[in-house]
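Values in this text are rule-based calculations from the coordinates and carry no lab data. In this text the structure is predicted, and so the values were computed from the model without any measurement. Cβ placement follows ideal geometry from the backbone for every residue including glycine, while neighbour counts extend to all protein chains displayed.
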Amino acid sequence: MPIPPRASPLAMAAGPASHGGCPRAQMPHLSKMERVVVSMQDPDQGVKMRSQRLLITVIPHAVTGSDVVEWLIQKYCISEEEALHLGVLLVRHGYLYALREPRSPGLQLDETLYRFQTPYFWTSTLWPAAELDYAIYLAKKNIRKQGALVDHEKEHYDQLHRKINHTWDLVVMQAREQLRAAKQRRKGDRLVIACQEQTYWLVNRPPPGVPSVLEQGPGRGSGMARRVQMTKNTDFYKQEIECCTKALGRIRVKSSVCLEAYLKFSSQHRPHDPIMSGCLPSNPWITDDDTYWAMNAPNVAAPTKLRVERWGFSFRELLADPVGRANFMDFLRKEFSAENLSFWEACEELRHGGQAQIPTLVDSVYQQFLAPGAARWVNIDSQTMERTLEGLRQPHRYVLEDAQLHIYMLMKKDSYPRFLKSDMYKGLLAEAMILPETKRRVFPFMWKPRHSSLSPALPPASASVEPVAAAGGPGGAEGEA
Amino acid sequence: MAREECKALLDALNKATACYHHLVLTIGGSADSQNLREELQKTRQKAQELAVATGAPLTTALRDKGMGAEERAEFERLWVAFSGCLDLLEADMRRALALGTAFPLHAPRRPLVRTGVAGGAAGVAARALSVRNLRHEAERNFDADDLRELEREILQVGKMIHDLEMKVNVPRWTVQARQAAGAELLFSAGASSAGFVSVEERTGPCDPSKALAATVFSAVLLAAVALAVCVAKLS
């Protein structure tokens, strides 16, 4: 068990491996606090010490809060606020304790005296407080106070009695012996040691309502100093090589290209976004008028203008919209190439359908679209056709994927631009209506004013029509007058 | 009988462990000194001797197949207390090593933490060793050598624990302690004496220091009054 000399005290290389197995480390903030406390002890440059006067005994080595703060300001050249905060941290972590009221969490700047905690009882993640030790402490307190323990301590006592019942003999024996050993010291020392132990347990088992300083949030374990170093053997290097190869193979896009595409998307979709541009006729969530939803239902007879415009953005948008797809199908029928879209739809069905239907579906697709001389034969290039026919012997969900992609690209490059230029599409655009804004009704007894909801993203000053509405829908009710 | 013997040895080990714990508490504090390190060494060596002495009969007793269930349960209880005690001792020894390394006595720039504990702990060590007085006879660089020896002893104790566990298999969950909750209150012989009054408590009218001061004062006052009366009468 080598103990190399370390800058921070109480950091052992091997760690108490007998309790639990995994080597623990002292948390960095605790090591830092220890260094601060040790530097405070310097006889020349440390904190000024006073004495505590009890009735007959005089106990040395007490400090006031203001001394500590002053020393911190001088040593670290920080502001008073920061020094006070550091002092409070020291008290809360148990490195300093108040002599009168050990439970008070802050650092008082008046004449309250504090004392330093002994290194054995310093807060440590390297030596976590054990249940057995707590049980012994509670038993000792029980003896001293003749059974009058505080509520939460009584609870803990009972819990521990159940949990570590098998070592309860040891608990009682140790408690008695430790008290008898303490009696061999003089009174002042006894008092100090009792206070020290009490402070330690106030930090490690805080009473209800006091937040525990040792609690780390979820996923905070990486704060511990990583002392486990991987030995640089062949496995380690093999892993590294694998990681680097994978990293090389990743597709990298230049950020200028990415950002351009992003800008284009944003500017194109901005008028269509209900949050950025408001929605007509009105936001149903605000005005309880669901015309918007009714008019934008998936299978509506007369699509809105915005919707029809959106079909022009990309082929994917067109196919995603059922009304758009239906119109595209009509167009293809006029061009006598409707089988492409039907084939594509059949492939989609295969992809997303049930496992049990796959063989029958594949079969019907083959018969209808792929067999030579089929009724609706699709025009796939020979290589893809060969591969597909090979795969059809063992049909699975994705067996028609190549063919589907080919037909998709065909439609996208060929039929889709023609559709956009066609009279049909232009006619649809012209027919499609823009829904009017719901008119504001001025009847005084209307409980819910129906007005269009302008975009909440717009600043209030730019709202010309409805200055009240621009402040947000709900607020409009008040300004209705 | 073997059981009484084991119990007595276990009590002695318990006492030594408690005293050692009490001594380790003050390492690195203002009471840390050469004497303390010497006391620590003597106490832990005594504790180790006792551990070896207790372990042997307990092991033989528990390995004895032909023992009654009642007696076996008793020995298992003793065993659990014994191994718990050994664990406490080992943990305290490790802490002592860490603290002793962190707060060497003769380093120029590493002052001890001023904790307010000032007195010596010779009484505690004497209690552990069951002697009347303790003599301190260490040389100057005692603590550096002592740390090396402490390391070795920790390894020894660890090995002893491991061997004992290998030899005897006592499942902890089957052992039921004899003491009930609150058993420590029954035999607390005067432990609640005024010695443990913490700073914020007032023990009421029977505070002995206050009573002593009051009696002394009143005696002095009476004497002064008597003298004054005498002087007045004489003059």
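Among the helices of chain B, those built from whole DSSP H runs whose Cα atoms reach 20 Å or more along their own axis and whose mean Kyte-Doolittle hydropathy is at least 0.0 are B:69-102, B:208-234. Full extension of the chain between A:Gln394 and A:Cys77 yields a length gain of 106.4 nm, computed as 0.36 nm times the residue separation minus the alpha carbon distance. Which of the GluC sites (Glu not before Pro) found in region A:104-174 are loop residues per DSSP with 12 or fewer other Cβ atoms within 10 Å of their Cβ? For GluC sites (Glu not before Pro) across region A:104-174 that sit outside H, G, I, E and B with at most 12 neighbouring Cβ atoms in 10 Å, the list reads A:Glu111. Taking other Cβ atoms within 10 Å as a rough exposure proxy, A:Glu197, A:Glu345 sort from fewest to most as A:Glu345, A:Glu197. Mean per-residue shielding of peptide B:15-27 is 6, counting Cβ atoms of other chains within 10 Å of each Cβ. Phi-derived couplings, Karplus 6.51 cos²θ - 1.76 cosθ + 1.60 at θ = phi - 60°, listed residue by residue for region A:137-149: 4, 5, 5, 4, 5, 4, 5, 5, 9, 6, x, 9, 8 Hz, with x used for Gly and Pro.
Take the Cβ-Cβ distance between B:Ala226 and B:Ala8 as r, set R0 to 56 Å, and report the resulting FRET efficiency rounded to the nearest 0.05. According to the calculation, E is roughly 0.45. Neighbouring Cβ atoms from other chains, within 10 Å of the Cβ of residues in B:92-99, number 5 on average.
Full extension of the chain between A:Glu155 and A:Glu349 yields a length gain of 63.5 nm, computed as 0.36 nm times the residue separation minus the alpha carbon distance.
Taking a label point 7 Å from the Cα of A:Leu429 along the Cα→Cβ vector, which residues of region A:295-320 have an amide N closer than 20 Å to it? The answer is A:302-320, whose backbone nitrogens lie closer than 20 Å to the label point. Where does the charge balance sit around B:Ala183 when Lys and Arg score +1, Asp and Glu -1, over other residues with C-beta under 14 Å from its C-beta? Once all neighbours under 14 Å are counted, the net charge is +1. With a 10 Å cut-off around each Cβ of B:73-86, the average count of Cβ atoms from other chains is 3. Averaging 1/r over every pair of different alpha carbons in chain B and inverting the result gives a Kirkwood radius of 21.6 Å.
Grab the beta carbon distance between A:Leu263 and B:Val216, set R0 = 56 Å, and tell me the FRET efficiency rounded to 0.05. Once rounded, the FRET efficiency stands at 0.05. Sorted ascending by nearby beta carbons within 10 Å, beginning with the fewest, B:Cys230, A:Cys77, B:Cys19 become A:Cys77, B:Cys230, B:Cys19. Cβ-Cβ distance of A:Thr57 and A:Phe236, R₀ of 60 Å, FRET efficiency by 1/(1 + (r/R0)^6): the value works out to about 0.45. With contacts taken as Cα pairs under 8 Å at a separation of at least 6 residues, chain B carries a relative contact order of 28 percent.
The 3J(HN,Hα) values that the Karplus relation (6.51, -1.76, 1.60; θ = phi - 60°) gives for region A:294-311 are, in residue order, 4, 6, 10, 5, x, 10, 9, 6, 10, x, 6, 5, 4, 5, 5, 4, 5, 4 Hz. Gly and Pro appear as x. Report the residues of region A:301-324 in range of a label on A:Asp414: point 7 Å along Cα→C-beta, backbone N strictly under 12 Å from it. Within reach of a label on A:Asp414, which here means backbone N under 12 Å from a point 7 Å along Cα→Cβ, region A:301-324 contributes nothing.
The stretch between A:Ser382 and A:Ala301 holds 25.1 nm of extra length on full extension. This uses 0.36 nm per residue minus the Cα-Cα distance.
Pair-distance distribution of region B:91-140: all C-alpha pairs, bin width 5 Å, starting at 0; shares per bin in whole percent are 4, 15, 13, 23, 28, 13, 3, 0. Helical content alone sets the calculated 222 nm signal of chain B at -22500 deg cm²/dmol, taking -39,500 (n - 2.57) per DSSP H segment of four or more residues and averaging over every residue.
Arranged from fewest to most other beta-carbon atoms within 10 Å of their beta carbon, B:Ile27, A:Ile286, A:Ile73 become A:Ile73, A:Ile286, B:Ile27.
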